[in-house]
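One structure is given below, encoded as structure tokens.
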4 protein chains.
Amino acid sequence: MTKKNELLSQPIQHIDISQHNVVPLVDAMSKMAYSSRDLARAANIYEMMLRDTECGVILCLAGSLISAGLQKVIVDLIRNNMVDAIVSTGANIVDQDFFEALGFRHWIAGDEYKYGAGDAELRELMIDRIYDTFIDEEELRICDETTEKIANALPPKPHSSREFIRAMGEYLVREGRTPAKGNADSIVLAAYEKNVPIFCPAFSDCSAGFGLVAHQHARQGKAMLSIDSAKDFYELTQIKILNPTTGLLMIGGGVPKNFAQDIVVAADVLGVEASMHKYAIQITVADVRDGALSGSTLKEASSWGKVDLTYEQMVYAEATLAFPLIAGYAYHKKAAAARKGKAFAQALETVNV
Amino acid sequence: MTKKNELLSQPIQHIDISQHNVVPLVDAMSKMAYSSRDLARAANIYEMMLRDTECGVILCLAGSLISAGLQKVIVDLIRNNMVDAIVSTGANIVDQDFFEALGFRHWIAGDEYKYGAGDAELRELMIDRIYDTFIDEEELRICDETTEKIANALPPKPHSSREFIRAMGEYLVREGRTPAKGNADSIVLAAYEKNVPIFCPAFSDCSAGFGLVAHQHARQGKAMLSIDSAKDFYELTQIKILNPTTGLLMIGGGVPKNFAQDIVVAADVLGVEASMHKYAIQITVADVRDGALSGSTLKEASSWGKVDLTYEQMVYAEATLAFPLIAGYAYHKKAAAARKGKAFAQALETVNV
Amino acid sequence: MTKKNELLSQPIQHIDISQHNVVPLVDAMSKMAYSSRDLARAANIYEMMLRDTECGVILCLAGSLISAGLQKVIVDLIRNNMVDAIVSTGANIVDQDFFEALGFRHWIAGDEYKYGAGDAELRELMIDRIYDTFIDEEELRICDETTEKIANALPPKPHSSREFIRAMGEYLVREGRTPAKGNADSIVLAAYEKNVPIFCPAFSDCSAGFGLVAHQHARQGKAMLSIDSAKDFYELTQIKILNPTTGLLMIGGGVPKNFAQDIVVAADVLGVEASMHKYAIQITVADVRDGALSGSTLKEASSWGKVDLTYEQMVYAEATLAFPLIAGYAYHKKAAAARKGKAFAQALETVNV
Amino acid sequence: MTKKNELLSQPIQHIDISQHNVVPLVDAMSKMAYSSRDLARAANIYEMMLRDTECGVILCLAGSLISAGLQKVIVDLIRNNMVDAIVSTGANIVDQDFFEALGFRHWIAGDEYKYGAGDAELRELMIDRIYDTFIDEEELRICDETTEKIANALPPKPHSSREFIRAMGEYLVREGRTPAKGNADSIVLAAYEKNVPIFCPAFSDCSAGFGLVAHQHARQGKAMLSIDSAKDFYELTQIKILNPTTGLLMIGGGVPKNFAQDIVVAADVLGVEASMHKYAIQITVADVRDGALSGSTLKEASSWGKVDLTYEQMVYAEATLAFPLIAGYAYHKKAAAARKGKAFAQALETVNV
């Protein structure tokens, strides 16, 4: 076996929340202190969001979550009507989820690689590292190229990232990258099938960016596809207008958090009196003290008129520990039993900008 | 005096690195341990970047830096040929720098507001809070509206964020919001005048987003302006191709860090054998252990072929402490004495996508 | 109901690991990334420690853990032969565990108190706060006074903290503060009954300190009890000499971590060739970058010859989340099935210094 | 040159605050945001503490500060009447300061050692590592042995750590380890000469612990020296009683922070109505969210009646960056000009317990 094959031999496996009834554990945490109590309260707020059937749930994703084994949690939330729209970094959706949908995997790296001791050798082997996880760079290039093909097949005009990601879902169906055909399930596929729109407000900042750059380079002087980030914002704001009660379930901060919070103000700019997000949860390890958005409290967001103060909870914990517990809690409490999917993607098809 | 005026009475004042010769202090730090030694090494690498006149310096900005008093540091770097391109979150450039260029200020908040105790009242008063700093929301709405006016005046087609921000610079000149006319200097203005391109890869995720949403809403069914994030990536990659030796000076992580790192790979996708970023510094308080990009080490980036291992340094410190010391060190060592501005913005005017 | 009673109405309840079989959950985490994978590896190492029946397990406690709902986890470890010696801050053992053994409780504080907004009022009400938890200061004074009584009853000479804490256990038995008499179980009691020695190397730095100061003040010029921290170190070192194979299960860092690590070197000073700690786990949120001991890696400890590199794992997570999972994993895997208590306290009775 | 000599070739050099007038820099920081503003306020409070000539200033030290280049800052504070008592971890005082006073040095480690990649080799070479700093373990053993000699020479009865550390100062004078004899200055020496008492409440938890264990082992069955941590607490409380107005200047948290805060309550236990610490500053990177004492806010301490709310400031920054700025600010503002040393050590000589 070559060194590369050896290093890429233990795949990351996605945790399956349906197999772990964490309700008693999380209930016990609610009587403790610190992060466990915060986590239990967040789980409780997520349950409330789902039982409030008026509420549209927006899931925000930042940080490398899919490569870390959280893909199936999110697929399960989508397929069980527990999330209605997604705002994400491009990496989670394209480099990691779509990448796995194409048949590739992420790999467990040995502890000795975590702090960079082997990076020069990894470079030689074309292995990319995310902290304690490996990726085959050659496979990632195939992912880049696939996004170029999808770009080439779309009409040469401005698209929202949502429209592009929907085309990625169509691609997976067309190519048979579905569980029905014996392949893995994915967020892009599940969202496509359940009409859950996915937005990546900085869409070129990922594997798709490489495909888009190649597309635009090849089309110089001709009609070409572009990615209109203003259209993303316009569309997401339409969801707030169509469905006034909203809740945010946020993993990490960054652009997805800010973008989803801002639609309250954007609706107002469009002349629609919009209520603040009624529910908000954020799981993060970021710190409040550098003033950056990622670690800023939800209380702070309320000063901006974006998030209501009544049902908000920060959970300062790493997502692989906290997210399965929160999502699993709502899942096993059957919080979405009375809930139907909101199929926002369908409504957005008729939005014209 | 009303309560609102009282709360908005002590303005944030931007530190002036030209007034503080920190060279002996930073040199002393190089013989100590922990963050001080790391900071000194980073200052030394920034000095090397500037003395290497082949090197194009890309400044990446994430986190609320301008509101925190770091505007003048960046203006001084631009005006002294110490930075050649900027990649930023939208908030720094539009909501904070352009906002101050329009004549508005940020305000010191009392310690008792830091953790959210007064947020309900701030909401009533239309005061927005960033940790320990206040903003007048009514003034921020004027900033939003100004970006709509600028959008309305541009040709109704896809633009890169760089093109839009350049139009913001033109607007400032046209409106006399310049030091020559007795007004404050700004990053947008200085960059416009020095032909330093500014990119915001998630451009709708800021005050400009509100202007753009309003613009697109008003133009429904007609020709309208859009923001092409793929074009941003294409243009920034052209800089790497035009000027192969590059260095990154990064404050915070997020999209700007990823975007700027990725151009090495994007050049490769366009068939140009590009060298890794030769120098790289990052100031951050983010942690490596959640696997998120913001805290990921520059060694990790080298596994991706993006950053060379020889001259890289993470500085785990809050930017208001660390950035004036690093920038001031290079400034007072006159590291850019033999350097001319690279005026990349001019070269980009001829790029056609 | 008075305001004080209202604030002190929801007691912290200690999590019961016997009720939550976390084995499948932790096993799933071992295939993920970041903290979850680290946690799973730590749980696995704790299991190994226990299956290695030669190994003496030393539990180190720092941070306010008992007030946070972790008392019963530790009681269960003691009663199930899963820990052989404890090194702790005084607060955990005296102010929190012994305090609860006297019949007092810790109370859940509302979220609005976390950041200090109500501290002036709490002062008036004689309510002490630990982040999100309340304590009745008048009850704490009773705890202080009880330690003075215990001091007064002991022979007036130097004692190790272990000897004093053993006397606290005797006190609980004598006073009927036992489950057999319908009262709560406690760490001090369980350790007394199971002959598990407890050391607090900075023993005056807690509620007992107040009792000791009062004792010494009353005895001025007469024979008095003193607390010999050198004797603590001598005794703990004897354990290493008696039982060469050792493992560390550390929650938090600080003095307990350093003290327990150091006995390898101390044995060497006494002329006994001691092996490094064979197993070591630490749960902490502290950071490595300030060079402080609390966040220093176990790899670093290996450079000092204190901890072996083969089976060590840092888990960067808050203890209320991580400790029940790690302890519960070993508990439900019945890792201690073949293990007997080592009753080190008995052996120490014969040590003369 | 052998590998060991090569690794131990670049000494840590202690920063000299008298050489850096940081007043204008810190004043500029007071108009910014985040950590810089907090730091400026802390510097201002330290200045106030010193100008309030009634105030006794207690310096608390935790974390490896002396090895990091902060020895001379503290020596200068002592010699310039800017600190009246010190509470520290043992490592700072014995393993690091006294160690350097004996003529040994700390050494700069290459970046590649920070994360443990070379620890197995360091073990072979008998080099101990503190994050990015090296220590010669053979020299450290000499330090251990010196403390045994000092123990052997003292009367065989309970001593406070303060008494022992005073004997260490005497030892340095006797052996000519003084600047007057061409040797380095040290904290232990300066404190001895200026009658500034130094307390290490967990005194066996350091190099001295090894010496004490050896001493007690050799004296089995005979009269021996012991370290009475209760006496430490009693003595420090006497300072609060003698000098009611007090201020805390804390670097790091841990035992020193708790111990110094607690003397307000201890005075009360002795029947003396003591005021809370009037001023308090803490520099730390610890986090509030795990409820541990190290990161707990000074507001929280006020709920315990230990610290007054009016003049308190947390500075969340690493000490090598923040402490020279805060100490240097007060130094260059000549805040102690009207101040005399309080010579608390003299008063304590007459305390009998």
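The values are calculated or read from the model by the stated rules, or taken from the named source; none is laboratory data. Predicted, not measured: the structure shown is a model, and the values here were computed from it. Note that we place each Cβ from the backbone using ideal geometry, even for glycine, and neighbour counts take in every protein chain shown. Heads up: the accessible areas ignore ligands, DNA and RNA and are worked out on the full protein's heavy atoms, side chains in. Shrake-Rupley method; radii C 1.70, N 1.55, O 1.52, S 1.80 Å.
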Residue by residue through region D:314-350, note down the ones that are free of Cβ contacts under 8 Å to residues at least 24 places away in the same chain and within 21 Å of D:F199 (Cα to Cα).
D:E349, D:T350
Have a look at C:A230, C:A260, C:A223, C:A218 and point out the one that is of a type in the set (A, V, I, L, M, F, W, C) and in contact with a Ser or Thr (Cβ under 7 Å, 6 or more places away or on another chain).
C:A230
Being of a type in the set (G, A, S) and out of contact with any helix residue (DSSP H, G or I) (no Cβ under 6 Å at 6 or more places or on another chain) is the filter; apply it to region A:167-183 and report the residue that is most open to solvent (accessible area, probe 1.4 Å).
A:A180
Looking at A:I127, A:I150, which is the one that is among the hydrophobic types (A, V, I, L, M, F, W, C) and over 17 Å from A:H217 (Cα atoms)?
A:I127
Looking at (1) out of contact with any helix residue (DSSP H, G or I) (no Cβ under 6 Å at 6 or more places or on another chain); (2) within 11 Å of another protein chain (Cβ to nearest Cβ), find the lone condition where C:L122 falls short.
(1)
By residue number, the members of region C:296-313 that are closer than 16 Å to A:D111 by Cβ and facing another protein chain (nearest Cβ under 9 Å) are C:T297, C:L298, C:K299, C:E300, C:A301, C:S302, C:L309, C:Q313
Of all residues making up region D:296-349, the number that are under 23 Å from D:D268 (Cα atoms), in contact with a strand residue (DSSP E or B) (Cβ under 9 Å, 6 or more places away or on another chain) and open to solvent by less than 30 Å² (accessible area, probe 1.4 Å):
13
Inside region B:210-237, the number of residues satisfying the requirement of being within 30 Å of B:A280 (Cβ to Cβ), of a type outside the set (A, V, I, L, M, F, W, C) and either open to solvent by 30 Å² or more (accessible area, probe 1.4 Å) or in a strand (DSSP E or B) (or both) is 1
Within region D:45-62, which residues are part of a loop (DSSP other than H, G, I, E, B) and open to solvent by 10 Å² or more (accessible area, probe 1.4 Å)?
D:D52, D:T53, D:E54, D:A62
What number goes with the only condition from (1) in contact with a strand residue (DSSP E or B) (Cβ under 9 Å, 6 or more places away or on another chain); (2) open to solvent by less than 20 Å² (accessible area, probe 1.4 Å); (3) within 13 Å of chain D (Cβ to nearest Cβ) that B:I66 does not pass?
(1)
Residue under question is A:N258, and the condition is that it be modelled with pLDDT under 95 and either under 30 Å from C:V285 (Cα atoms) or open to solvent by 10 Å² or more (accessible area, probe 1.4 Å) (or both); does it hold?
yes
Matching residues in region B:1-26 - criterion: being more than 7 Å from chain D (Cβ to nearest Cβ), in a helix (DSSP H, G or I) and of a type outside the set (G, A, S)
B:K3, B:K4, B:N5, B:E6, B:L7, B:I17, B:V23, B:V26
Answer yes or no: is there a residue in region D:207-229 that is under 21 Å from D:A347 (Cα atoms) and modelled with pLDDT of 95 or more.
yes
Using the structure shown, decide if A:A202 is at the interface with another protein chain (Cβ under 10 Å from one of its Cβ atoms), touching a helix residue (DSSP H, G or I) at 6+ places or on another chain (Cβ under 7 Å) and buried (at least 24 other Cβ atoms within 10 Å of the Cβ).
yes
Tell me which residues, restricted to region A:79-117, are more than 10 Å from every other protein chain (Cβ to nearest Cβ), open to solvent by 10 Å² or more (accessible area, probe 1.4 Å) and assigned to a loop (DSSP other than H, G, I, E, B).
A:N80, A:N81, A:L102, A:G103, A:F104, A:R105, A:G110
Can you tell me which residue among A:S186, A:S161 is touching a strand residue (DSSP E or B) at 6+ places or on another chain (Cβ under 7 Å) and either under 19 Å from A:G103 (Cβ atoms) or within 14 Å of chain B (Cβ to nearest Cβ) (or both)?
A:S161
Regarding A:I263, is this residue touching a Leu at 6+ places or on another chain (Cβ under 6 Å), crowded, with 24+ Cβ neighbours inside 10 Å and facing chain B (nearest Cβ under 10 Å)?
yes
By residue number, the members of region D:141-158 that are among the aliphatic types (A, V, I, L, M) and either open to solvent by 60 Å² or more (accessible area, probe 1.4 Å) or facing chain C (nearest Cβ under 9 Å) (or both) are D:I142, D:A151, D:A153
I need the full set of residues from region D:96-128 which are of a type in the set (G, A, S) and within 18 Å of C:E300 (Cβ to Cβ), in order please.
D:A109, D:G110, D:G116, D:A117, D:G118, D:A120
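Please count how many residues of region C:245-272 are in contact (Cβ under 8 Å) with a residue 60 or more places away in the chain and not hydroxyl-bearing (S, T, Y). Before the answer, list the steps.
At the first step, the residues of region C:245-272 found to be in contact (Cβ under 8 Å) with a residue 60 or more places away in the chain are C:245-257, C:259-260.
Narrowing the set further to residues that are not hydroxyl-bearing (S, T, Y) leaves C:247-257, C:259-260.
Total satisfying the criteria: 13.
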Meets criteria (in contact with a Pro (Cβ under 8 Å, 6 or more places away or on another chain) and either open to solvent by 10 Å² or more (accessible area, probe 1.4 Å) or not in a loop (DSSP other than H, G, I, E, B) (or both)) for A:I241
no
Hey, among the residues in region B:118-140 that are open to solvent by 20 Å² or more (accessible area, probe 1.4 Å) and among the aliphatic types (A, V, I, L, M), which one's modelled with the lowest pLDDT?
B:A120
What about A:K278, is it open to solvent by 10 Å² or more (accessible area, probe 1.4 Å), at pLDDT 95 or above and under 18 Å from B:G90 (Cβ atoms)?
no
Which one of C:D128, C:D38, C:D76 is in contact with a helix residue (DSSP H, G or I) (Cβ under 7 Å, 6 or more places away or on another chain) and either within 12 Å of another protein chain (Cβ to nearest Cβ) or among the small types (G, A, S) (or both)?
C:D128
